[in-house]
Amino acid sequence: MMKRKILNSLILAALAVPAVAMADTAPASPFSGNVALTTDYLYRGITQTDHGGAIQGGYDYVNPNGFYAGVWGSNISWLYDGGYTGGSSLELDTYAGYNGSFATDYSYSVGFLRYNYGGNSSAAAIANADTNEFNASIGWKTVSLKYSRSTGNLFGFANSSGSGYLELNGTYTLAGPAVDLSGHFGKQTVANDGAASYKDYNVKAAKAFGAYTWAFMISKTDLTGYDKARGVLSVSHSM
């Protein structure tokens, strides 16, 4: 509990401190950080915090040649809710990959992402929640198509190696009010468990105010128990 209070205090302090202006001649750093507060942590349309708030943050490295790597974390509650013994209250993701472009207005990305849940020893009928996924995407202007595939069990589903998530994303900026709009459609397929497979949708509007970005998202899935539209408000700060 004391560690969590200290972490929360540090994150809130980071939100309160504006970014330091660098000299115009200074080269852009390949390192960056981010921190956010959100009223719900929805991942692929499913709440990870039982519709409670979350504190999130990450640190990234992006090389001019296209290579990237980073770490990102958030508080969660679903491991306790899902019947795990010794379930973790923290998700810590580590990832790396490569971004590139070709022709005119086309882009692509390949990467690896590991979802880490410390101390998540499970009940006998539930697989370990730690998950590894490879992903690849292709984009044209502001539209992208991405596919992620697990190399082992997916988020605690037994015998679910080879599960996949296909997503279509698009963005559009309203130049006048400087509001970024985005839309998302995703299809999660859980190997050997058709009842757990589902689709999710969301639309989001975001606007920057100085060093902070406020966003509001409406999300919905067709999975029983999560098929009610949910609104999520968040504020983030990049450093």
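Scan the range 144-166 and give yes if some residue there is surrounded by 18 or more Cβ atoms within 10 Å (Cβ to Cβ), in contact (Cβ under 8 Å) with a residue 60 or more places away in the chain and touching a strand residue (DSSP E or B) at 6+ places or on another chain (Cβ under 7 Å), otherwise no.
The answer is yes; a qualifying residue exists.
Just the residues that are assigned to a strand (DSSP E or B), surrounded by fewer than 17 Cβ atoms within 10 Å (Cβ to Cβ) and of a type outside the set (A, V, I, L, M), please, taken from the range 189-219.
Selection gives Lys199, Tyr201, Lys207, Phe209, Tyr212, Trp214, Phe216.
In the range 131-143, what residues are more than 16 Å from the chain's Cα centre (by Cα), closer than 13 Å to Val110 by Cβ and surrounded by fewer than 18 Cβ atoms within 10 Å (Cβ to Cβ)?
Ile138
Suppose we filter Gly176, Gly225 for residues that are part of a loop (DSSP other than H, G, I, E, B), at positive phi and at pLDDT below 95; which single one remains?
Residue meeting the stated conditions: Gly225.
The values are calculated or read from the model by the stated rules, or taken from the named source; none is laboratory data. Everything numeric here is computed off the predicted structure, so don't read it as measured data. Glycine gets a Cβ as well: all are built from the backbone with ideal geometry, and neighbour counts include every protein chain shown.
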